[in-house]
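The values are calculated or read from the model by the stated rules, or taken from the named source; none is laboratory data. This is a predicted model, so every value here is computed, not measured. For neighbour counting, all protein chains shown are included, and Cβ atoms are generated from backbone atoms with ideal geometry for every residue, glycine included.
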Amino acid sequence: MTYHRPHNLQQACELAARSGARVVAGGTDLMVRVEKGFEEPQFWVDISHLPLDEVRHDPDRQVLEVGALCTMARCATHAKILQHAPLLAQAAVVVGAPGIRNRATIGGNLANASPAADVSCALMALNAELVITSGHGSRTLPIAEFFLGPGRSALAHGELLTMVRLPLRVPEHTVRTLSHWFKAGNRRAQVISMVAFAGRTFLDGDDRVLGSALAVASVAPRPLRLSHVESMLLDAHLTPDVIAKAASAAASEITPISDVRASAEYRRHLTSIFTQWHLEDVEQGSAPPAGRQAPPEPPAPREVGVTGEGPWELRINGRAVCVKAPGSRRLLDVLREDLHLTGTKNGCGEGECGACMVLVDGRPVNACLVPLGSVAGHDLTTVEGLSAGDSPGPVQQAFIDAGAVQCGFCIPGCEVTAQALVELEEPLSREEIAQALSGNLCRCTGYVKIIDAVALALSRRAESRKGGRS
Ligand SMILES: Cc1cc2nc3c(=O)[nH]c(=O)nc-3n(C[C@H](O)[C@H](O)[C@H](O)COP(=O)(O)OP(=O)(O)OC[C@H]3O[C@@H](n4cnc5c(N)ncnc54)[C@H](O)[C@@H]3O)c2cc1C
Ligand code: FES
Ligand code: FES
């Protein structure tokens with residue numbers, strides 16, 4: 001098994017074209033497949049470090065260009081995305097939980113070609129064009145031609161998705177744009193959509209529909225545009241009768257299946273309801289979400305010249321560490337088995353429980369989904385790094401004082417997430433703390449004391465900063 005970190009895009013294309021090559025970006029889909037034994041790549045091409053996460057607004061061409069390696073966390077908070085393509089930000093912010101969003105990329109969401117992919121659904125409604133690059137040059141493909149079926153896309157072996165281009169031009173005479181994102185799942189976080197809906201409707205000064213783009217996911221073998229409904233709405237006024245007919249037509253235009261998440265009937269019902277909500281919501285308009293400000297950019301990782309079996313140089317808990325192991329090895333296993341940092345726990349192994357949470361450049365990520373080679377040159381913090389010598393560090397002390405040390409399996413991961421919040425030095429409401437902890441599961445007691453502990457750690461940190469200033 002070999003693991004490569006190409007130096008640039010050209011080399012990445014060359015390596016990706018080799019027989020048996022498998023591209024890995026954030027790894028949040030691929031590592032789960034490997035863990036479940038669905039595949040065993042022999043030749044890994046890690047592109048996660050390539051500079052393909054730029055977001056550029058070009059007012060002359062009226063496009064927003066988003067690099068394929070843009071993570072969900074970045075999409076959800078980037079000022080230009082919030083301003084020009086709020087649907088993308090709204091879809092990105094509900095992908096998984098913070099640890100997943102810090103790694104998962106939009107290119108991976110598209111290339112994985114899941115019928116339930118949230119961001120792919122939003123990009124369908126945004127009429128995205130996909131820039132695909134290989135050793136033979138680049139081509140651009142409308143997103144409508146990209147998805148071929150579950151897990152199948154128009155990407156040929158050796159091709160990389162490098163950029164998503166969003167046209168910003170709206171139909172002539174547009175006075176108002178309504179834009180909504182709805183997702184139904186069985187939980188509030190870490191959940192695959194039962195139905196996802198992304199809609200944009202353009203109205204003239206007379207409230208007449210000049211055009212609409214309605215996309216749905218998890219209701220057909222691939223993310224889908226409701227083209228029949230779109231043509232029904234053209235030139236219409238959104239009267240209750242028009243809306244009712246459109247909502248009913250939406251349910252007929254999809255081909256859902258019944259599975260563990262929802263029945264086909266319920267998916268039809270949700271699609272109908274979401275279409276209705278979107279069209280009825282003329283009052284609210286298309287205000288972008290009041291997204292939080294983007295956290296500071298992590299420092300650029302140090303240049304890593306190695307590949308394959310390493311040795312990989314990392315900084316863990318402030319100390320330089322050199323690891324000789326295959327680059328595709330799970331970071332979780334390296335921490336526990338090679339470095340004996342056993343505070344990082346092996347729970348689900350699929351990014352669901354948060355027991356394996358570590359900080360990479362200050363951001364929580366699930367170590368079970370991270371290939372070792374992709375964090376070479378980065379700064380890592382494990383729960384061992386939160387202590388103050390032999391004593392608990394401030395976050396750990398807050399957990400003790402709040403009575404939140406519930407079990408040794410989940411609490412280390414909760415403390416690691418809490419440490420990231422404390423380092424941001426922003427006041428957070430209990431609801432925001434709960435959101436930030438949505439990737440850390442507890443199966444025994446509940447979250448009240450854990451949230452108390454994080455709130456206590458935040459207030460102590462704020463106090464100590466005030467004290468330091470006076
Ligand atoms: C716990 C959990 C929760 C999740 N929740 C959601 C959710 O709510 N909504 C949702 O939509 N998804 C969800 N996902 C799925 C996943 O996080 C997303 O699909 C993510 O965007 C994949 O991106 P990645 O960079 O991690 O892809 P990777 O795992 O690195 O790659 C996925 C596939 O795409 C290919 N690939 C990646 N990048 C490129 C590229 N630039 N060019 C060509 N091929 C490429 C890889 O070869 C691989 O086949 C979840 C996953 C987990 C584990
Ligand atoms: S999230 Fe990694 S072990 Fe559960
Ligand atoms: S804290 Fe571990 S199960 Fe509740």
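Could you count how many residues in the stretch 175-227 are among the basic types (Lys, Arg), part of a loop (DSSP other than H, G, I, E, B), surrounded by fewer than 18 Cβ atoms within 10 Å (Cβ to Cβ) and over 16 Å from the mean Cα position of the chain (by Cα)?
Keep residues of the stretch 175-227 that are among the basic types (Lys, Arg), which gives 176, 183, 187-188, 200, 208, 222, 225.
With the extra rule that they be part of a loop (DSSP other than H, G, I, E, B), the set shrinks to 187-188, 222.
Narrowing the set further to residues that are surrounded by fewer than 18 Cβ atoms within 10 Å (Cβ to Cβ) leaves 187-188.
Next cut, over 16 Å from the mean Cα position of the chain (by Cα) only: 187.
Total meeting the criteria: 1.
Of the conditions (1) within 16 Å of ligand 2 (Cβ to nearest atom); (2) on the phi > 0 side of the Ramachandran plot, Arg103 clears all except one; give me its number.
(2)
Taking the criterion of being in the same structural domain as Leu332 (by TED's automatic domain parsing) and within 16 Å of ligand 2 (Cβ to nearest atom), would at least one residue in the stretch 453-464 satisfy it? Let's see the steps before the verdict.
From the stretch 453-464, those in the same structural domain as Leu332 (by TED's automatic domain parsing) are 453-464; that's our starting set.
Filter again for within 16 Å of ligand 2 (Cβ to nearest atom), leaving none.
So far as the stretch 453-464 goes, no, none of its residues is in the same structural domain as Leu332 (by TED's automatic domain parsing) and within 16 Å of ligand 2 (Cβ to nearest atom).
Of the residues that sit in the stretch 130-174 and are of a type in the set (Val, Ile, Thr) and under 18 Å from Thr105 (Cα atoms), which one is surrounded by the fewest Cβ atoms within 10 Å (Cβ to Cβ)?
The first filter runs over the stretch 130-174 and keeps only residues of a type in the set (Val, Ile, Thr), leaving 131-133, 140, 143, 162, 164, 170, 174.
Of the ones still in play, those that are also under 18 Å from Thr105 (Cα atoms) are 131-133, 143, 162, 164.
Working: Val131: 18, Ile132: 21, Thr133: 21, Ile143: 23, Thr162: 21, Val164: 26.
Filtering the stretch 130-174 for residues that are of a type in the set (Val, Ile, Thr) and under 18 Å from Thr105 (Cα atoms), the one surrounded by the fewest Cβ atoms within 10 Å (Cβ to Cβ) comes out as Val131.
With the requirement that a residue be surrounded by 23 or more Cβ atoms within 10 Å (Cβ to Cβ) and within 15 Å of Cys356 (Cβ to Cβ), what does the stretch 387-418 give you?
Within the stretch 387-418, Ile411, Pro412, Gly413, Cys414, Glu415, Val416, Thr417 meet the criteria.
Where in the stretch 111-170 are the strands (runs of 3 or more DSSP E), entirely inside, with at least 1 residues that are free of Cβ contacts under 8 Å to residues at least 40 places away in the same chain and either more than 16 Å from ligand 2 (Cβ to nearest atom) or farther than 22 Å from Ala85 by Cβ (or both)? Let's see the steps before the verdict.
Values: elements: 129-134, 137-142, 147-149, 160-167.
By residue number, 129-134, 137-142.
For the stretch 331-365, give me the residue count where each residue is of a type in the set (Ser, Thr, Tyr) and touching a Pro at 6+ places or on another chain (Cβ under 8 Å).
1
For the stretch 1-101, list the helices (runs of 4 or more DSSP H) that sit wholly inside it and hold at least 1 residues that are surrounded by fewer than 19 Cβ atoms within 10 Å (Cβ to Cβ) and over 17 Å from the mean Cα position of the chain (by Cα); which are they? Steps first, answer last, please.
Values: elements: 9-16, 30-35, 72-77, 79-84, 86-92, 98-101.
Helices (runs of 4 or more DSSP H) meeting the threshold: 9-16, 30-35, 79-84.
Evaluate the following for Val358: is it more than 7 Å from ligand 2 (Cβ to nearest atom), part of a strand (DSSP E or B) and either at positive phi or of a type outside the set (Ser, Thr, Tyr) (or both)? Give the derivation first.
Values: more than 7 Å from ligand 2 (Cβ to nearest atom): yes; part of a strand (DSSP E or B): yes; either at positive phi or of a type outside the set (Ser, Thr, Tyr) (or both): yes.
Answer is yes for this residue.
Would you be able to tell me the number of residues in the stretch 231-275 that are assigned to a helix (DSSP H, G or I), surrounded by 19 or more Cβ atoms within 10 Å (Cβ to Cβ) and in contact (Cβ under 8 Å) with a residue 60 or more places away in the chain?
Counting residues in the stretch 231-275 that are assigned to a helix (DSSP H, G or I), surrounded by 19 or more Cβ atoms within 10 Å (Cβ to Cβ) and in contact (Cβ under 8 Å) with a residue 60 or more places away in the chain gives 5.
In the stretch 443-470, what residues are in contact (Cβ under 8 Å) with a residue 24 or more places away in the chain and crowded, with 19+ Cβ neighbours inside 10 Å?
Of everything in the stretch 443-470, those that are in contact (Cβ under 8 Å) with a residue 24 or more places away in the chain and crowded, with 19+ Cβ neighbours inside 10 Å turn out to be Ile450, Ala453, Val454, Ala455, Leu456, Ala457, Leu458.
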